[in-house]
Amino acid sequence: SEFAKALQLEQDSHPKARKGRNACLQEMLLWKSEASNRRFQNRFFMDLRRPRSTTRIFALSDIHFDHRENENWVQDLDDCAFQEDVLIVAGNIGDSRMAVNRCLTTLKQKFRRVFYTVGNHEMSITMSEHAKYPDSITKLNMILQDCDDLSVDVFPAPVCEGLTILPLFSWYSAEFDEADPFPDPNSRYDQHCKWPMDPDLQLWKYMTKLNEAFLARPYHGLVVSFSHFLPRRNLPFDKTRKSAAKAVGCEWIDGQVRAANSKLHVYGHSRKKYQQSHSGVRYVNMPLGFETDWPRDHERQLMLIFDGKNLCAQEWNQDGDPPLGYVKRLVHTTCLVMPTLKEADRRKLQAVVAKLNTFAGIQVSFDAVGSKRKNRQDFVKDFLPELATAGADVTHVFLVVAQDIESMKGLFGSEVYKRDFAGFVGGLSNKHFSLASPLGLDLKFERKADPIIFLFGLRLTASVTEDSDEYAKLQKAVEAINKLPGVEGKIAMGLQPAGFGRFSHRELQAELGLDSILLTTGSSYVCYLFADSPESWKMLSQSKTYAKWKAAYEAVLSKVRSDIPANFVTVLPLEIAATAAAPKKEKKSQRVAAKYGSQG
């Protein structure tokens with residue numbers, strides 16, 4: 001900054017000052033200063049061993065804190081809900097250094113860690129800053145110093161076991177405009193920035209070169225990267241503005257994203273909400289923007305990009321509550337092999353099921369495989385031939401739908417279940433195993449001819465994770481079935497990972513106290529399919545759309561041998577009505593307010 005000030009005073013004609021400034025610019029690229037070393041040593045290792053399940057990551061960009069309504073929105077973020085979480089801020093916090101400082105101070109009070117990179121607005125020099133900062137590089141260094149003082153992260157660092165966040169410095173290049181890849185001499189974009197280099201031809205190269213030291217480091221596990229400017233031409237931005245393409249992005253950023261093997265990249269600047277995968281990387285933009293950027297009836301939100309288990313892209317309320325429908329009910333299925341079950345014993349079990357249905361937040365059914373009108377043999381012969389080979393000889397199914405884990409634990413921990421159901425069935429069943437997952441579809445059986453639900457337990461290869469391209473293809477095939485003409489009310493399908501929330505299937509079994517009682521299928525995903533009758537199912541199963549779904553999952557079935565087929569399937573009558581979405585829980589503060597409000 002001292003060299004820059006000397007050049008400012010002597011109208012850029014001081015040769016020693018110019019040489020000194022250029023040497024400093026070169027030195028910056030190495031990040032070898034005392035402040036940089038301290039930044040790395042203090043921040044990189046602090047969460048290296050933190051369990052993944054304890055960490056969520058949210059993303060936001062274009063906060064523009066110097067606008068009153070945006071400052072109010074940031075201040076209104078819940079003070080307690082995000083204390084264990086991480087926030088990525090992809091630039092354009094505000095124009096002045098003071099606004100940036102105030103915003104980061106507020107965010108740091110609400111989140112465990114805040115990762116940040118600058119945008120073009122921070123690099124503009126406001127009227128009140130002309131005397132302080134001879135150029136935008138000086139202002140950049142002062143903002144980085146503020147981040148150090150606030151414990152805000154601007155360098156790469158792990159935030160939990162096997163997940164690193166990688167900030168990338170960036171600037172736009174006129175080459176982003178494929179139709180006219182040359183600078184516009186009349187452009188007035190970012191005219192309040194002042195650079196010690198050519199802003200059209202050199203600046204974007206310098207900014208991306210600042211990242212090379214970061215890219216030289218080895219990162220283990222998942223990498224989530226972020227920049228302010230757009231890394232790809234096919235990401236949406238406002239193309240109505242003259243020469244807009246010249247001032248929104250740089251494809252060199254995407255080269256660095258892929259060099260780091262990033263699986264999700266957050267960006268900003270365009271002020272257009274977006275999430276889509278391209279060539280194996282998911283690109284996410286969640287701008288706070290301005291009030292005019294959002295529909296009038298839409299609350300501005302954060303974006304959840306890591307839920308403690310998988311990468312995702314889910315809008316999230318500023319009060320810390322998930323959006324309506326995000327939290328699913330839990331469905332647990334026990335498959336039983338009881339070919340010699342007597343009618344008297346079946347009636348005893350039905351009487352126990354009636355007792356279990358009195359538990360709060362619980363719905364239970366117990367039925368023979370098949371439907372009310374068609375038995376197992378009918379399905380093997382006329383509707384589901386693979387039941388003979390992939391049905392694991394299951395004859396009966398015990399199905400439980402709960403509004404949450406606590407309700408499910410209450411049921412499985414009860415004497416009614418342990419003594420009257422599990423204890424009784426244990427002496428009758430040759431084999432019993434279970435599947436559990438979030439409920440991925442609404443269940444409705446009223447006024448249906450012969451409603452049934454199919455259960456597919458799919459043991460897929462390890463490459464199929466919730467943030468993989470293979471899983472996206474499976475979900476696309478499910479979506480195609482749900483969008484078939486005329487299927488509404490007749491067919492519905494949902495695919496969910498086995499387990500629930502942060503629990504894997506085995507961990508969930510242990511949490512429910514069932515790990516010593518029930519075996520698991522080893523399935524990694526569970527698919528439930530509702531049909532209003534066996535005939536509707538038959539029509540679907542003969543369609544090209546269903547054949548595409550079947551081909552999609554068969555291509556990624558695990559080859560590991562097991563007693564339970566990798567494509568396990570069964571079918572049972574549907575006697576439970578429930579929405580996939582769990583009822584919203586009332587906050588403690590709301591209950592207290594209601595209590596004292598009613599007394600007043």
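Relative to the first principal axis of the alpha-carbon coordinates of the chain, what is the inclination of helix 15-28, with its axis defined by its Cα atoms, in degrees from 0 to 90 and to the nearest 10? With rounding to tens, the tilt is 10 degrees.
Using DSSP to define loop residues, name the trypsin sites (Lys or Arg not before Pro) in region 463-521 whose beta-carbon has at most 12 other beta-carbon atoms within 10 Å. Let's see the in-between values first.
Values: sites: LYS473, LYS476, LYS483, LYS490, ARG502, ARG506; in loops: LYS483, LYS490, ARG502.
Passing both the DSSP loop test and the Cβ count: LYS483.
Shown is the FRET efficiency for ARG373 and TRP195, computed with R0 = 60 Å from the Cβ-Cβ distance and rounded to the nearest 0.05: 0.20. Between the helical axis of 97-110 and the longest alpha-carbon principal axis of the chain there is an angle of about 30 degrees. Apply 1/(1 + (r/R0)^6) to the Cβ-Cβ distance of ASN234 and GLU406, taking R0 = 41 Å, and write down the FRET efficiency to the nearest 0.05. Taking R0 as 41 Å, the efficiency between ASN234 and GLU406 is 0.35. In the frame of its principal axes, region 315-369 has Cα extents of 56, 23, 10 Å, reported largest first. The alpha carbons of region 457-571 give a radius of gyration and a Dmax of 15.2, 46 Å, in that order.
Kindly express, to the nearest 10 degrees and within the range 0 to 90, the angle between helix 588-599's C-alpha long axis and the longest C-alpha principal axis of the chain. Rounded to the nearest ten degrees, it is 80.
Estimate the FRET efficiency between ARG347 and ALA551 by the formula 1/(1 + (r/R0)^6), using the beta-carbon distance for r and 35 Å for R0, to the nearest 0.05.
Working: r = 43 Å, r/R0 = 1.23.
FRET efficiency, ARG347 to ALA551: 0.20.
In region 295-372, a dipole from Cβ-located charges (positive for Lys and Arg, negative for Asp and Glu) runs towards its positive end, and of ASN357, VAL337, GLY308 it is VAL337 whose Cα lies farthest in that direction.
Could you calculate the contour length gain from VAL560 to ARG50, that is, 0.36 nm times the residue separation minus the distance between their Cα atoms, to one decimal place in nm?
180.4 nm
Our summary of shape: the Cα atoms of region 361-430 have principal axis extents of 40, 28, 21 Å, ordered from largest down, in whole angstrom. Put simply, the chain fits an ellipsoid with semi-axes of 56, 25, 21 Å; these come from the alpha carbon gyration tensor as the roots of five times its eigenvalues, largest first. Size descriptors for region 99-244 (Cα atoms only): Rg and Dmax, in that order, 16.7, 49 Å.
What is the magnitude of the charge dipole of region 508-557 about its Cα centre, with +1 placed on the Cβ of each Lys and Arg, -1 on the Cβ of each Asp and Glu, and no other charges, expressed in debye to the nearest 20?
Working: 4 positive and 5 negative charges, 74 e Å.
With only Lys, Arg, Asp and Glu charged at Cβ, the dipole is about 360 debye.
The alpha carbon convex hull volume per residue for region 389-452 rounds to 144 Å³.
Backbone amide hydrogens, once placed in the peptide plane, bring PHE433 within less than 5 Å of CYS335, excluding anything fewer than 5 places away on its chain.
Please report the equivalent ellipsoid semi-axes of region 394-518, computed as sqrt(5 x eigenvalue) of the Cα gyration tensor, largest first, in whole Å.
Details: eigenvalues 163, 84, 37 Å².
Equivalent ellipsoid of region 394-518: 29, 20, 14 Å, largest first.
In nm, what is the difference between 0.36 nm times the number of residues separating ARG419 and ASP78 and their Cα-Cα distance?
Values: separation 341, 0.36 × 341 = 122.76 nm, distance 4.49 nm.
The ARG419-ASP78 span can extend by a further 118.3 nm.
Estimated purely from DSSP H runs of n ≥ 4, each contributing -39500 (n - 2.57), the mean residue ellipticity at 222 nm for the chain is -8500 deg cm²/dmol once divided by its residues.
What a 1.4 Å probe finds exposed on the chain is 50% carbon and sulfur by accessible area, rounded to a whole percent. Taking every protein chain into account, the accessible area of region 211-352 amounts to 45 square angstrom per residue (probe 1.4 Å).
The values are calculated or read from the model by the stated rules, or taken from the named source; none is laboratory data. This structure is a prediction, so every number in the text was calculated from the model and none was measured. As a convention, Cβ positions derive from the backbone with ideal geometry for all residues, glycine included, and neighbour counts pool all protein chains shown. For the accessible areas, the whole protein counts, side chains as well, though only heavy atoms, and no ligand, DNA or RNA atoms are used. Shrake-Rupley method; radii C 1.70, N 1.55, O 1.52, S 1.80 Å.
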